[in-house]
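Step one of this worksheet: look at the structure below.
The values are calculated or read from the model by the stated rules, or taken from the named source; none is laboratory data. As the structure is a prediction and not an experimental result, all values here were calculated from the model. Here the Cβ positions follow ideal geometry from the backbone for every residue, glycine too, while neighbour counts run over all protein chains shown. Just so you know, the surface numbers come from the protein's heavy atoms only, side chains and all, with ligands and any DNA or RNA stripped out. Shrake-Rupley method; radii C 1.70, N 1.55, O 1.52, S 1.80 Å.
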Amino acid sequence: MKVNSIYKEEKKSAFQKVSEVIITMASRPSGFIGLSILVFHIILAFISPYIAPYDFKAINPTLMLQAPSAEYWFGTDDLGRDVFTRTILGGRTALTITFFGSLIALLWGGLLGIFCGLVGGKIDDIVMRIVDAFLSIPWILAMLLIVSLLGTSTEVLIPALGFFYGKGIVRVARAATHDVIAKDFIVSARARGHSNFSIIWNEIIPNVRDAILVEGAMRWSWMLLGFSSLSFLGFGVSPPTPDWGLMISNARGLMSFAYWAVIAPIVGLSSLIIGINLTADAFAKALGIDRSTKAPV
Amino acid sequence: MSDIIQKVKNLSIGFKSKKGEEILILKNISTKIKKGETVGIVGESGSGKSTLALAMMGYVKHGLYTIGGECEFNSSNLLNMKSKDLEKIRGRKIAMIPQNAGQALTPNLKIGYQIDEALQLHSDLSEKEREKKISELLNKVRLPSPETIALRYPHELSGGQQQRVAVAMALAGTPDLLLLDEPTTGLDVTTQAHVLELLNFIAKDTGTSMVYVSHDLGAIAQVSDRIIVMYSGEIVLEGPSRDILKRPIHPYTHGLLKSIPKLSLAGLPESMPGSQPQPGIIQSGCSFFDRCNFSEDKCKNNSPQLEFLKELNTSVRCFNYEKLLKESQFNQNVNKIKNNSNDKEILNLSEVSISYAKQKLLDQIFNRISDDNPTVKDININIKKGETIALVGESGSGKSTILKSIAGLLRTKDGLIRFDENRNLSSDLKERNPNDLRIIQLIFQNPDESLNPNHTVEEIIAQPLKLYFGLKGEELNKNIIDLLQKVRLGEFYMSRYPRQLSGGEKQRVAVARAFAAKPDIILCDEVTSALDVSVQAAVLNLLQQLKEDFGTTYIFVSHDLAVVRAISDRVAVLYQGRLCEVGPSNDVYKFPSHPYTEVLLGAVLEPDPDIKPKLVAEDIVEEKPPEKGCSFQGRCSRIVGDICKKEIPPWQLTDSGNAIRCHIPIKELQKEQF
Ligand SMILES: Nc1ncnc2c1ncn2[C@@H]1O[C@H](COP(=O)(O)OP(=O)(O)OP(=O)(O)O)[C@@H](O)[C@H]1O
Ligand code: SF4
Ligand code: SF4
Ligand SMILES: [Mg+2]
């Protein structure tokens, strides 16, 4: 019998798989744009301290609210600080905190979701009720409460953000697990006598991983917006550390005559959010997950 | 006016692959449908039969496009028609009943309302007329008391009734052409026979042309005047139904008919090697070459054309059809299976009852199950080492439930399951030790669901080897290759994922995984029903071979009585979780039989125009077993009176050792009803 060529597919290493996904993502225009923006921001976050032309906290009253010029590309703010310097540095904290926050959200949300999907029944019901109840609390109020009680240090912000943004992941992970759990390969593993741990690790996780990762990527962009809102309200990064949310909040009153001081951080923040969003979408498509239904297309 | 209603001319439909190649799903199809004619399109999954049927109503699935050709309906090409004009034809002139149409009814709308909607859309009747028409339609599809049915919701109807409603809706626009895509697949044997009979009646009564698409030659044989056989996107044989079934002159059809088990023949049919090539495998030559028993060198590089044989009124695509033409009669050979059971008992079920009922708190605390009318009750079977015992019955008869209990996935309510005369297996998974779990392995119906899509074949087969025998490294590898060989798969399959395998190959991997545990008993739950007909026989033959080599015992669950006939030594017939008849297959398939066995046997659809199903009982579906008396009382056409409703019938033994549970004496049962 002739072997069909479609079937001639070799087993791929993890590296090959990852690079294949990235190539697929980049082969769509929206994915390419998203990835480029994201990579640009990440690189910038790493190198900005070395390329920043000025000291971000150097106050110079004589240089207040200068319009953009050859010397100060994005102009200066109300304290005479260089807006360009502050803009390229302003994403670092937000990016770092939300990245780790997302990891935490992924971890607890994913595991709890899988657990609920696996055990089902009463426990599942109760946990989901609690998650729903949390979902209905306006998160920003809760965050404000936490931050005002515990302070705005990274050790507080990362787990707090991770907690609030993990709830959505619980639902996705649970739904994905429910889909898998009814399949006969799980029944088969049970009948063979595999342990629960082995079933979760070998049978469930490989099948729900993609859906959870995509959801996590989406949550990242939302968390970024959330974190910036906190900063905007003065509960995020404390001055004089440059941060987009903080910069927008400081400069917004001066909009009418010093637009540059507010436009630069807005562009920074929104381009990053758009970049993550486009990337997450392309990621989902590359993995064959339709985000609107959370099911493989 | 011509009597040709639909003309397909040189139709090619395909898609663009990721690499940009044009891949053909339909290759240059030409055919005609006459007025009042029923044409069956048969082919295995992926042969393009549904694509062709959809094209006949001017619809090309998303992602596919027309490469060339036309579908002419009343001399206008549907494939380049504006959607506004198409709307006027679809539903009115051409209606379609898709697969699982019954389940696709809107769940929250009453049946009558849904039919009314169809009528409003496809006819110009007034409200009064429509009301009359609704009950007329429901009457026509032979639903009992149409007025009350119209007021019900879809979920209040059985699968067969839902399918009838779907037929009624399709008839709302009084179409000239009715397209049916697998209309009875997924229905119970008995229901299937009833629905087909109804379709036959409607075709005759209304003169509607029908195009009937199915993978099941048995169903096609019952309804079609003409049959089109498709293979790999091409028509390979087309002609009058009787000729095609009685004297198939294309090697594919020939092999296919030979590989389908028949009720009249005990033993395993010959299997056809290989599987249908995937679309787009650029091949020169005949697409059936790989699997053909009649092939010659020239078939390899030259593609045969569809040739019309006037004297037979048949078209055939094969260089060597004459060889088959000369074969005066079509004969099917079967290999008698060896009964290698010995007298040693391996598994004994005594008085087993199983319940799905929700348990009350008090019962939970005392860890007991109370349910007076459990799903499965009083099962007594004694299984001998090395035999194949089959459990048959309609959907919901508790076949899978019993298997689950034997596997320990479900606790029994009462009774004893004993392995090897002394090992008690009445407990569930948690209480069984690893060896108890190893000795019983399961093979499932649908290999797509039973193999983890993210594991390679190697990982799948390694699981039981690691778990039960702690194998590692070189030894593990050797064992995997060994097992693959046993199921006739090469070593190179190890690195493949399930999605890279055909249905038959997947099922072989599942078989290999079951045998990896070196089990004593294998539970097979509908293991061939998700497979294409042409690979079914191969899997059955493989199972039989392995059983003979290893002395394994099979408990084989199936709804297909012909398959059961082919492979089993003994048969147990179940209705509503109660045993009706147990005995050696040869005897169960002969009279006397239990009235329910009779119904089941009568409903079997055979790919033979001379064997028509015999419809004895109604195809109603009962939700729950009756509390008292015989489990079959609700549908039994031989019911003898009050005694059947009050007393559980006794077991009666026939001369050949067949046990039948009925109030009618054996002598009476001997008389055939039809
Ligand atoms: N998990 C469950 N909870 C409640 N009832 C169930 C459950 N599983 C099955 N049943 C019921 O038990 C009865 C027997 O089901 P079972 O699956 O054993 O039938 P089967 O003979 O295998 O049917 P099929 O041919 O459709 O596979 C049916 O009435 C079914 O509705
Ligand atoms: S053309 Fe050749 S290979 Fe094709 S079916 Fe006929 S004999 Fe077989
Ligand atoms: S016992 Fe009565 S109801 Fe049951 S099968 Fe026999 S005749 Fe029919
Ligand atoms: Mg079943």
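Residue pairs whose Cβ atoms lie under 9 Å apart, separated by 6 or more positions or on different chains, with the first residue in segment B:330-344 and at positive phi and the second open to solvent by 40 Å² or more (accessible area, probe 1.4 Å), do not occur.
Within segment B:390-403, restricting attention to residues that are among the polar types (S, T, N, Q) and within 14 Å of chain A (Cβ to nearest Cβ), which residue is farthest from ligand 2 (Cβ to nearest atom)? Once the filter is applied, the top-ranked residue is B:THR401. Of all the numbered requirements in (1) open to solvent by less than 20 Å² (accessible area, probe 1.4 Å); (2) at the interface with chain A (Cβ under 9 Å from one of its Cβ atoms); (3) assigned to a helix (DSSP H, G or I), B:TYR468 misses one, and that requirement is (1).
Here B:GLN305, B:GLN278 are screened, and the one residue that is among the polar types (S, T, N, Q), under 24 Å from the mean Cα position of the chain (by Cα) and away from ligand 4 (no atom under 16 Å from the Cβ) is B:GLN278.
With respect to the conditions (1) away from chain A (no Cβ under 14 Å); (2) at pLDDT 90 or above; (3) surrounded by 19 or more Cβ atoms within 10 Å (Cβ to Cβ), B:ILE406 lacks only one, and its number is (1). Reported count of residues in segment B:222-252, each being in a helix (DSSP H, G or I), among the hydrophobic types (A, V, I, L, M, F, W, C) and farther than 15 Å from B:PRO183 by Cβ, is 2. One residue stands out among those in segment B:264-273 that are out of contact with any Ser or Thr (no Cβ under 8 Å at 6 or more places or on another chain) and open to solvent by less than 30 Å² (accessible area, probe 1.4 Å): the one that is nearest to ligand 4 (Cβ to nearest atom), which is B:LEU268. For the list (1) under 14 Å from the mean Cα position of the chain (by Cα); (2) on the phi > 0 side of the Ramachandran plot, I need the number of the one condition that A:GLY121 fails. Of the numbered conditions (1) under 14 Å from the mean Cα position of the chain (by Cα); (2) on the phi > 0 side of the Ramachandran plot, the odd one out for A:GLY121 is (1).
Look through B:LYS385, B:LYS413, B:LYS377, B:LYS399 and report the one residue that is surrounded by 17 or more Cβ atoms within 10 Å (Cβ to Cβ), of a type in the set (Lys, Arg) and within 16 Å of ligand 4 (Cβ to nearest atom). One residue alone meets the criteria, B:LYS399.
Kindly indicate which of B:GLU505, B:GLU474 is within 11 Å of chain A (Cβ to nearest Cβ), more than 18 Å from A:VAL187 (Cα to Cα) and assigned to a helix (DSSP H, G or I). Of B:GLU505, B:GLU474, the one residue that is within 11 Å of chain A (Cβ to nearest Cβ), more than 18 Å from A:VAL187 (Cα to Cα) and assigned to a helix (DSSP H, G or I) is B:GLU505. Of the candidates A:ILE140, A:ILE146, A:ILE158, A:ILE169, the single residue that is in contact with a Ser or Thr (Cβ under 7 Å, 6 or more places away or on another chain), open to solvent by less than 60 Å² (accessible area, probe 1.4 Å) and away from chain B (no Cβ under 13 Å) is A:ILE140.
Here's the yes/no breakdown for (1) within 16 Å of ligand 4 (Cβ to nearest atom); (2) open to solvent by 30 Å² or more (accessible area, probe 1.4 Å); (3) assigned by TED's automatic domain parsing to the domain that holds B:LEU542; (4) among the hydrophobic types (A, V, I, L, M, F, W, C):
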site: B:ILE443; (1), (2), (3), (4): yes, no, yes, yes
site: B:ASN446; (1), (2), (3), (4): yes, yes, yes, no
site: B:SER450; (1), (2), (3), (4): yes, no, yes, no
site: B:ASN454; (1), (2), (3), (4): no, yes, yes, no
site: B:PRO464; (1), (2), (3), (4): no, no, yes, no
site: B:GLU474; (1), (2), (3), (4): no, yes, yes, no
site: B:ASP482; (1), (2), (3), (4): no, yes, yes, no
site: B:GLN485; (1), (2), (3), (4): no, yes, yes, no
site: B:PHE492; (1), (2), (3), (4): no, yes, yes, yes
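Number of residues in segment B:75-104 that are part of a loop (DSSP other than H, G, I, E, B) and surrounded by fewer than 16 Cβ atoms within 10 Å (Cβ to Cβ) equals 2. When B:LEU180, B:LEU187, B:LEU199 are checked against the criterion of being in a loop (DSSP other than H, G, I, E, B) and of a type outside the set (Gly, Ala, Ser), B:LEU187 stands alone in meeting it.
Suppose we filter segment A:179-198 for residues that are hydroxyl-bearing (Ser, Thr, Tyr) and more than 7 Å from chain B (Cβ to nearest Cβ); how many remain? Residues that pass the stated criteria total 2. No other residue among B:GLN120, B:GLN163, B:GLN114 is free of Cβ contacts under 8 Å to residues at least 40 places away in the same chain and either within 19 Å of B:TYR59 (Cβ to Cβ) or polar (S, T, N, Q) (or both) apart from B:GLN120. Does segment B:414-447 hold any residues that are at the interface with chain A (Cβ under 9 Å from one of its Cβ atoms) and either without any contact (Cβ under 8 Å) to a residue 60 or more places away in the chain or acidic (Asp, Glu) (or both), and which are they? Residues satisfying the conditions are B:LEU429, B:ARG432, B:ASN433, B:PRO434, B:ASP436, B:LEU437. Filtering B:HIS663, B:HIS594, B:HIS559 for residues that are outside the structural domain of B:GLU351 (by TED's automatic domain parsing) and either open to solvent by 20 Å² or more (accessible area, probe 1.4 Å) or within 16 Å of ligand 4 (Cβ to nearest atom) (or both) leaves a single hit, B:HIS663. Take the conditions (1) within 14 Å of chain A (Cβ to nearest Cβ); (2) open to solvent by 50 Å² or more (accessible area, probe 1.4 Å); (3) touching a His at 6+ places or on another chain (Cβ under 9 Å); B:GLU327 misses just one of them, which is (1).
Taking the criterion of being surrounded by fewer than 22 Cβ atoms within 10 Å (Cβ to Cβ) and farther than 18 Å from A:TRP108 by Cα, the residues of segment A:197-209 that qualify are A:SER198, A:ILE199, A:ASN202.
Only a single criterion out of (1) assigned to a helix (DSSP H, G or I); (2) open to solvent by less than 30 Å² (accessible area, probe 1.4 Å); (3) in contact (Cβ under 8 Å) with a residue 40 or more places away in the chain is not satisfied by B:PRO519, namely (1). You will find that of B:CYS292, B:CYS286, B:CYS299, the residue that is surrounded by 23 or more Cβ atoms within 10 Å (Cβ to Cβ), within 14 Å of another protein chain (Cβ to nearest Cβ), of a type in the set (A, V, I, L, M, F, W, C) and within 16 Å of ligand 2 (Cβ to nearest atom) is B:CYS286 and no other.
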